[in-house]
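See structure below.
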Amino acid sequence: MRRINSLYGRIGLLKRVPEKSTKQAHTFLASLSFSTEGAYGGDGEFQQNSSKVKIFDRDLKRIHRDRAAWLSRQKNDSFVDAVADNLLDRLEDCKKSFPTAFCLGGSLGAVKRLLRGRGGIEKLIMMDTSYDMIKSCRDAQDDSLDNSIETSYFVGDEEFLPVKESSVDLIISSLGLHWTNDLPGSMIQCKLALKPDGLFLAAILGGETLKELRIACTLAHMEREGGISPRLSPLAQVRDAGNLLTRAGFSLPGVDVDEYVVKYKSAMDLIEHLRAMGETNALLERNKILNRETALATAAIYDSMFATEDGTIPATFQVIYMTGWREHSSHPQAKRRGSATVSFTDLQKQFGGQS
């Protein structure tokens, strides 16, 4: 378990300013999209999500991302940075390089800033559903990204990836895919976009995330309103992550989990942090009105149940890291069933076991 000791202060909303007319080596792109249902977009128009499963309001989530782009402008988030850095560390364990990398959704700015030459990336493509988030990432004045990396930015949807099949060597998603309505379908599209022996790296929030807030919110709703309503989105469980990778057809799937405990001065500071990350509620079936008394009761219960000796309140973030490769002839292959030449009985006798 990791503990982020820094306190996240409140952030004021920044005014929008006109884009500076400076010359940059970055470009915005528009391209076609495809989905696992075989629907193709054309003429630069993005298709509406036709997934049969509708859990999240994707339009609302795009608005959340627009707001987060301005709330987090010119501020580094220690939690988001820790997750992105941990995810990118996996590139150092790979002996091969990835000339073309595709980064979709989530914490684009942290990935861009913390890449630091890892993975041998020559071309970096960054995508988000929010134009404001893409613009903020592009305009970030940071020298950490190698100038030799050709960087492109465009607006797109994780549910309809606008990438040709077998066109990229690496796909990175840090804290973004858990907001897709069809997570298996998005991961299948990621696998199709990878070249053979391409790598998929993703970090998503797990089901134990914000367990303290879930408890306080449930108790407050029962006390003040006599029942409960969905205030926090459902998240994938750890046991589901391996199944998702296998279902998407990835080779050599790997899953590991980390927990981060972030301390806040109050429950309101936690909410402000979630807003700055674009992680607030986007359920379709959400109750759009939050009773003031219920909100105050939630904060009071949170403080009474979970406050620490130093007066701060903790919030747990469970992060699930997923790794998968697109199949390639160089990968280890399992032998067919029944092809063994040595029995377990013989092995037991050979190593001195007793029958």
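The values are calculated or read from the model by the stated rules, or taken from the named source; none is laboratory data. This one's a predicted model, so the numbers in the text were calculated from it and none came from an experiment. Every residue, glycine among them, receives a Cβ derived from its backbone with ideal geometry; neighbour counts consider all protein chains shown. Just the protein is used for accessible areas: all its heavy atoms, side chains included, with ligands, DNA and RNA removed. Shrake-Rupley method; radii C 1.70, N 1.55, O 1.52, S 1.80 Å.
When you go through (1) surrounded by fewer than 24 Cβ atoms within 10 Å (Cβ to Cβ); (2) closer than 21 Å to residue 86 by Cα one by one for residue 155, which number turns out not to apply? All conditions are met except number (2).
Could you say whether any residue in segment 285-306 is farther than 13 Å from residue 219 by Cβ, at pLDDT 90 or above and touching a strand residue (DSSP E or B) at 6+ places or on another chain (Cβ under 9 Å)? The answer is no; no qualifying residue exists.
For segment 288-313, a residue qualifies if it is closer than 16 Å to residue 270 by Cα, touching a residue at least 40 places away in the same chain (Cβ under 8 Å) and of a type in the set (Ser, Thr, Tyr), and the qualifying residues are 298, 302, 308, 312. When the test is whether a residue is polar (S, T, N, Q), loosely packed, with under 15 Cβ neighbours inside 10 Å, out of contact with any Gly (no Cβ under 7 Å at 6 or more places or on another chain) and not in a loop (DSSP other than H, G, I, E, B), residue 246 passes it.
Here is a yes/no grid of residues against (1) open to solvent by less than 40 Å² (accessible area, probe 1.4 Å); (2) among the hydroxyl-bearing types (Ser, Thr, Tyr); (3) out of contact with any strand residue (DSSP E or B) (no Cβ under 7 Å at 6 or more places or on another chain):
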position: 175; (1), (2), (3): yes, no, no
position: 188; (1), (2), (3): no, no, yes
position: 221; (1), (2), (3): yes, no, yes
position: 233; (1), (2), (3): yes, yes, no
position: 240; (1), (2), (3): no, no, yes
position: 250; (1), (2), (3): yes, no, no
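Could you look through segment 200-219, keep only residues that are under 25 Å from residue 84 (Cβ atoms) and among the small types (Gly, Ala, Ser), and pick out the one that is surrounded by the fewest Cβ atoms within 10 Å (Cβ to Cβ)? Among residues in segment 200-219 that are under 25 Å from residue 84 (Cβ atoms) and among the small types (Gly, Ala, Ser), the one surrounded by the fewest Cβ atoms within 10 Å (Cβ to Cβ) is 207.
Looking only at segment 276-285, decide whether some residue is acidic (Asp, Glu), touching a residue at least 40 places away in the same chain (Cβ under 8 Å), in a loop (DSSP other than H, G, I, E, B) and under 27 Å from residue 124 (Cβ atoms). Yes, because at least one residue in segment 276-285 is acidic (Asp, Glu), touching a residue at least 40 places away in the same chain (Cβ under 8 Å), in a loop (DSSP other than H, G, I, E, B) and under 27 Å from residue 124 (Cβ atoms).
Hey, does segment 103-113 have a residue that's more than 27 Å from residue 271 (Cα to Cα), in contact with an Asp or Glu (Cβ under 6 Å, 6 or more places away or on another chain) and at pLDDT 90 or above?
no
Can you say whether residue 182 is open to solvent by 40 Å² or more (accessible area, probe 1.4 Å), in contact with an Asp or Glu (Cβ under 9 Å, 6 or more places away or on another chain), touching a residue at least 40 places away in the same chain (Cβ under 8 Å) and not polar (S, T, N, Q), as far as the supplied structure shows? Yes: the conditions hold for residue 182.
Using the structure shown, decide if residue 279 is charged (D, E, K, R), out of contact with any strand residue (DSSP E or B) (no Cβ under 7 Å at 6 or more places or on another chain) and under 30 Å from residue 304 (Cβ atoms). Lay out the reasoning, then the answer.
Details: charged (D, E, K, R): yes; out of contact with any strand residue (DSSP E or B) (no Cβ under 7 Å at 6 or more places or on another chain): yes; under 30 Å from residue 304 (Cβ atoms): yes.
Yes; evaluated as a whole, the condition is true for this residue.
Annotation note: of 163, 111, the sole residue that is over 28 Å from residue 262 (Cα atoms), touching a helix residue (DSSP H, G or I) at 6+ places or on another chain (Cβ under 7 Å), touching a residue at least 40 places away in the same chain (Cβ under 8 Å) and aliphatic (A, V, I, L, M) is 163.
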